[in-house]
1. Enumerate the pairs (first residue in segment 201-223 and free of Cβ contacts under 8 Å to residues at least 12 places away in the same chain; second residue anywhere and assigned to a loop (DSSP other than H, G, I, E, B) and of a type outside the set (D, E, K, R)) with beta-carbon separation below 9 Å, excluding pairs fewer than 6 apart on the same chain, so at least 6 apart or on different chains.
2. Being free of Cβ contacts under 8 Å to residues at least 40 places away in the same chain and in contact with a helix residue (DSSP H, G or I) (Cβ under 9 Å, 6 or more places away or on another chain) is the filter; apply it to segment 318-343 and report the residue that is surrounded by the most Cβ atoms within 10 Å (Cβ to Cβ).
3. If Arg142 meets every condition in (1) modelled with pLDDT under 95; (2) among the basic types (Lys, Arg); (3) open to solvent by less than 30 Å² (accessible area, probe 1.4 Å) apart from one, which number is that one?
4. Filter segment 289-324 down to the residues that are of a type in the set (Phe, Trp, Tyr) and farther than 19 Å from Arg460 by Cα and list them by number.
5. Does Thr230 qualify as being polar (S, T, N, Q) and either open to solvent by 10 Å² or more (accessible area, probe 1.4 Å) or touching a strand residue (DSSP E or B) at 6+ places or on another chain (Cβ under 6 Å) (or both)?
6. Would you point out the residue of segment 457-505, among those that are under 25 Å from the mean Cα position of the chain (by Cα), hydroxyl-bearing (Ser, Thr, Tyr) and outside any helix (DSSP H, G or I), that is surrounded by the fewest Cβ atoms within 10 Å (Cβ to Cβ)?
7. Among what's in segment 504-519 and is small (Gly, Ala, Ser) and touching a strand residue (DSSP E or B) at 6+ places or on another chain (Cβ under 9 Å), pick the residue that is farthest from Leu601 (Cα to Cα).
8. Residue check: is Ala410 over 27 Å from Trp646 (Cβ atoms) and not in a strand (DSSP E or B)?
Amino acid sequence: MKLMTSDLSLTSPQSSKRSPLSPHLRRESVAAVVEQLLRAGLLALIFSTIILQTSARADVQVDSDSTVQFLLAHQKSNAAFGPIDQEHSDLAWNYPAVHALRLLRVDIPRAEDCLENGLWAAFRSKDAHATSLYWDFYQKVRLNLLLREDPTKAHRFIVSTQKKGAEGIAINKPWKLTYMDRKIQYYPPYGLGKFHDISSLWYMAGSLIDLGAEIENAELARDFIYSRQTPSGGFENVYESTQLEDASAHIIVTYQAVLTLKALELTVPKADACAAWIQSCQTSSGGFRWNPSSSSPSNKPDVWYTWAAIRALDKLGRKPKNTQACIDWLNSLQNADGGFGDRPEWRSRLYSTYYAVHALAVLTGDAKKGIHKKKLAKKKMIPIEEGKYSIFQAQFKTPSTEDGEDKQIAMVEEISKLGFDFVGVKTADVSAARAYVKEKGYSLEIVACPENYAHHLLRRGGHPANHVSNWIIPPAMTTAQARKFNAADEAGKKGLSWPEFSSQAIEPLRELGSLIYPEMEYSMISAYEVYDDGLEGPGGYNAVIAALGWAPWDWVRHFPYRDRWVGRLPMLSDCDSHGDVSKWILRLNKQRTLYIAESHLLGGLLDACRNRRSVCVIRDESVSGGIVYYGAPAAVAYVKKHRDQWIWW
């Protein structure tokens with residue numbers, strides 16, 4: 001069996017007689033204690049308590065042991081891993097946690113249960129939307145290879161679909177790769193051996209090869225990848241255009257191209273130029289951005305980009321131009337809780353911690369030694385001021401019919417009974433509803449929040465995309481403002497490239513005072529650009545859907561990379577409904593956006609969103625307390641403290 005060592009290389013836990021958690025305790029003792037804590041559901045609680053107690057000190061010392069503790073705190077009572085502030089486990093969090101711990105030479109407590117219970121993903125819920133299954137397949141393969149007692153038999157336990165009777169993957173026959181055009185599909189076509197871009201090609205081909213399969217038509221992958229190399233040596237996920245642009249070459253795509261070619265034992269074209277291009281993505285800080293010259297506001301050093309650059313350079317037999325600066329930059333991402341953030345000063349996440357641990361393992365040969373001992377100031381959460389604000393309830397893209405004033409009046413009456421203070425109605429005209437609210441004196445703000453079906457754009461590489469535009473139409477615009485809005489609306493219909501769409505359709509609306517967000521980003525690479533552009537520049541989306549009115553409801557679990565922007569961009573509840581309100585009561589009562597503000601009006605909502613005082617709440621009977629929260633820690637703490645002000649059921 002052929003394993004890709006840069007992906008799954010480990011220092012064997014058995015190579016050390018001492019537990020990495022303590023120089024005085026053997027691993028067996030630590031594992032036993034951890035297992036007992038897991039069964040009692042107390043590990044995350046104890047970890048949080050330790051951090052809170054430590055916060056009283058001026059600073060804390062952190063090192064690789066702190067990272068291990070941070071990672072283990074994500075393990076749930078079923079032995080699988082999930083977000084530290086949530087109760088659920090999920091494959092998308094389980095794999096990076098397991099891989100990071102193995103890189104740190106830690107045995108996984110209750111490894112068999114971790115594997116058995118850690119393959120579940122939210123999109124498998126009944127009636128749930130599909131999603132990009134390539135990433136899911138990639139993670140299933142690697143988790144099995146990491147945790148199976150006999151990795152050579154892992155293929156027997158991995159199924160590519162959720163259909164009943166599905167069997168494991170046959171590796172006694174060569175597999176044929178097939179390109180499938182994604183076109184403008186919401187979710188890409190999927191199947192064993194299939195791919196639609198360089199990313200899906202890497203996830204599919206790399207995974208099959210790691211399982212021990214052979215690819216019979218590697219030349220298809222070779223030709224596909226070779227045709228997407230830019231003049232400077234990087235790679236771009238081009239759709240149909242033959243016009244490759246250096247400014248659109250991407251570090252993630254380049255890493256995936258290099259690793260795919262290496263897995264297939266094919267030559268990397270212009271390898272020296274490719275390595276030099278990757279090296280040129282390193283900034284003076286030591287971290288890597290996604291392109292050496294792009295003017296995109298999102299083009300900032302990030303742990304994901306740095307991880308990809310290090311792994312690709314390693315496959316090419318190269319190192320960063322300044323290796324020590326890169327090691328130091330990665331260490332600068334560590335926080336007082338032991339985890340690592342995506343960027344300096346960002347909160348710790350499981351994914352960013354995995355990326356940092358893996359990158360340091362490749363750079364230094366030993367992840368534990370690569371994480372330097374350091375003293376860090378424990379940041380104290382600044383609580384939201386008491387007595388200044390009220391907690392209001394909002395929902396976006398609520399149902400509406402456009403067939404007359406009477407219907408809008410009936411909609412207002414239904415909505416006002418449900419406890420809302422603000423609704424963005426899924427239509428372009430709410431003038432009759434606003435007039436009726438004013439006439440009745442209701443404390444309710446109603447604005448138009450249409451899904452702009454006519455809007456579409458081209459992602460990097462010319463990939464078509466729709467479902468990319470939902471926005472609040474500011475009420476009572478002046479003539480000049482209306483002209484500006486209409487121009488932005490028309491620009492959204494032209495099929496512009498993302499940079500053009502951002503500047504011509506999104507930026508004017510943000511200047512007018514609006515929230516703009518997509519339903520789909522189409523890929524993790526695209527998500528990083530469109531939301532980070534919103535964080536760093538005047539264009540780009542300035543909100544994220546955390547709850548949608550379709551199963552699986554929790555769309556942070558559905559698209560796990562959205563976790564990156566929790567606490568940085570407002571996380572919204574989007575009902576995504578049509579027609580009479582009475583038909584959509586379940587969705588209206590399932591999830592809402594809470595905003596902590598001085599006024600329920602649009603200005604109060606926007607102020608709360610800008611200042612991280614909004615929280616998306618999802619009712620979920622499977623968790624204790626029955627609620628899932630997404631928002632900045634201070635805002636979540638505030639709404640939890642004042643539950644009596646907003647519980648609507």
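1. Once the first residue is free of Cβ contacts under 8 Å to residues at least 12 places away in the same chain and sits in segment 201-223, its partners that are assigned to a loop (DSSP other than H, G, I, E, B) and of a type outside the set (D, E, K, R) give Glu219/Leu266.
2. Leu333
3. Checking Arg142 against (1) modelled with pLDDT under 95; (2) among the basic types (Lys, Arg); (3) open to solvent by less than 30 Å² (accessible area, probe 1.4 Å), the one that fails is (1).
4. Going through segment 289-324, the residues of a type in the set (Phe, Trp, Tyr) turn out to be 290, 304-305, 307.
Correct list: Trp307 only.
5. On the way: polar (S, T, N, Q): yes; either open to solvent by 10 Å² or more (accessible area, probe 1.4 Å) or touching a strand residue (DSSP E or B) at 6+ places or on another chain (Cβ under 6 Å) (or both): no.
No: the conditions fail for Thr230.
6. Only one residue fits best here, namely Ser497.
7. Ala505
8. Numbers: over 27 Å from Trp646 (Cβ atoms): no; not in a strand (DSSP E or B): yes.
Judged against the criteria, Ala410 is not a match.
The values are calculated or read from the model by the stated rules, or taken from the named source; none is laboratory data. What you are looking at is a predicted structure, and each value in this text was computed from that prediction instead of being measured. Glycine also receives a Cβ, built like all others from the backbone with ideal geometry; neighbour counts cover every protein chain displayed. When the accessible area is computed, the model is the full protein with side chains, heavy atoms only, and any ligands, DNA or RNA have been set aside. Shrake-Rupley method; radii C 1.70, N 1.55, O 1.52, S 1.80 Å.
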